[in-house]
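Single-structure report; data block below.
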Amino acid sequence: MKTNKEISKFLSLILRHHPEKIGLNLDKNGWANVEELIQKMNQNHWQIDRNILNEVVITNDKQRFIFDETKEKIRANQGHSIDIDLNLQPVEPPEILYHGTATKFVGSIRNEGIKKQSRQHVHLSENIETATKVGQRHGKVVILKVKAKEMHKKGFVFYLSENNVWLTDNVEKEFIL
Ligand code: HQG
């Protein structure tokens with residue numbers, strides 16, 4: 001039996017980066033058909049049904065996934081590397097947002113700013129705790145403070161995902177404290 005965490009990680013992989021791994025189709029807004037997802041996961045040795053999927057979605061620590069109102073479709077709330085449109089509306093950010101990264105990246109970030117790398121956006125958070133968890137995935141953690149409000153005043157656009165992750169395009173180095 002796979003744990004919910006293992007299922008969540010696999011869902012992140014296929015709903016954000018590689019749906020083709022199980023031959024899944026995502027529409028232009030990143031939605032997958034739930035029945036198709038369940039069927040294709042089972043064909044790929046992930047024993048899962050609607051109840052298990054519901055539980056994974058509801059109990060997920062970061063609320064990474066969401067069903068549409070009919071529960072026929074599911075998508076990841078953020079974190080995509082594939083080119084989909086989440087239809088996010090621009091939002092005014094707080095004064096400061098945090099970006100957790102690793103010491104090994106700091107030199108390069110000081111030179112060229114925070115780049116979105118393979119993802120669609122740079123990910124920022126309102127609290128240091130979340131940023132710390134994100135940074136720890138890459139090594140010894142460093143928390144960077146981003147002057148979000150100032151960026152916004154200068155015309156940079158911010159979005160807030162359904163699960164409260166702040167998203168923006170690349171952060172230029174002058175906005176990093
Ligand atoms: C770093 C997770 C060198 C950047 C998290 C990061 C998040 C640079 C890494 C979400 C750089 C990219 C995203 C530069 C940025 N030079 N390194 N100029 N600019 N970097 O995984 O932000 O838990 O693509 O600091 O919670 O770590 O999976 O981005 O360390 O919300 O749901 O390049 O993924 O969500 O790494 O994480 P990532 P991230 P989940």
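Among the residues of region 1-56, those identified as basic (Lys, Arg) and at pLDDT 95 or above are Lys5, Lys9, Arg16, Lys21, Lys28, Lys40, Arg50. For region 128-165, a residue qualifies if it is in a strand (DSSP E or B), surrounded by 20 or more Cβ atoms within 10 Å (Cβ to Cβ) and near the ligand (Cβ under 9 Å from one of its atoms), and exactly one does: Leu144. Within the span defined as region 3-12, one or more residues are outside any loop (DSSP other than H, G, I, E, B) and among the aromatic types (Phe, Trp, Tyr).
A quick yes/no check of all residues on (1) of a type in the set (Gly, Ala, Ser); (2) away from the ligand (no atom under 14 Å from the Cβ):
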residue: Asn42; (1), (2): no, yes
residue: Lys73; (1), (2): no, yes
residue: Gly100; (1), (2): yes, no
residue: Ile114; (1), (2): no, no
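Taking the listed residues Ile82, Ile109, the one that is within 11 Å of the ligand (Cβ to nearest atom), at pLDDT 95 or above and not assigned by TED's automatic domain parsing to the domain that holds Ser12 is Ile109, with no other qualifying.
Looking across Val91, Val122, one residue alone is near the ligand (Cβ under 9 Å from one of its atoms), closer than 18 Å to Glu162 by Cα and not assigned by TED's automatic domain parsing to the domain that holds Asn29. It is Val122. Considering region 63-96, and only residues there that are among the charged types (D, E, K, R) and closer than 20 Å to Ser8 by Cα, the residue that is nearest to the chain's Cα centre (by Cα) turns out to be Arg64. Set side by side, the residues Ile52, Ile84, Ile48 differ, and just one is outside any loop (DSSP other than H, G, I, E, B) and either farther than 27 Å from Val171 by Cβ or of a type in the set (Val, Ile, Thr) (or both), which is Ile52.
The values are calculated or read from the model by the stated rules, or taken from the named source; none is laboratory data. On a predicted model such as this, the values are computed, not experimentally measured, just so you know. Note that each Cβ is placed from the backbone with ideal geometry, even for glycine, and that neighbours are counted across all protein chains shown.
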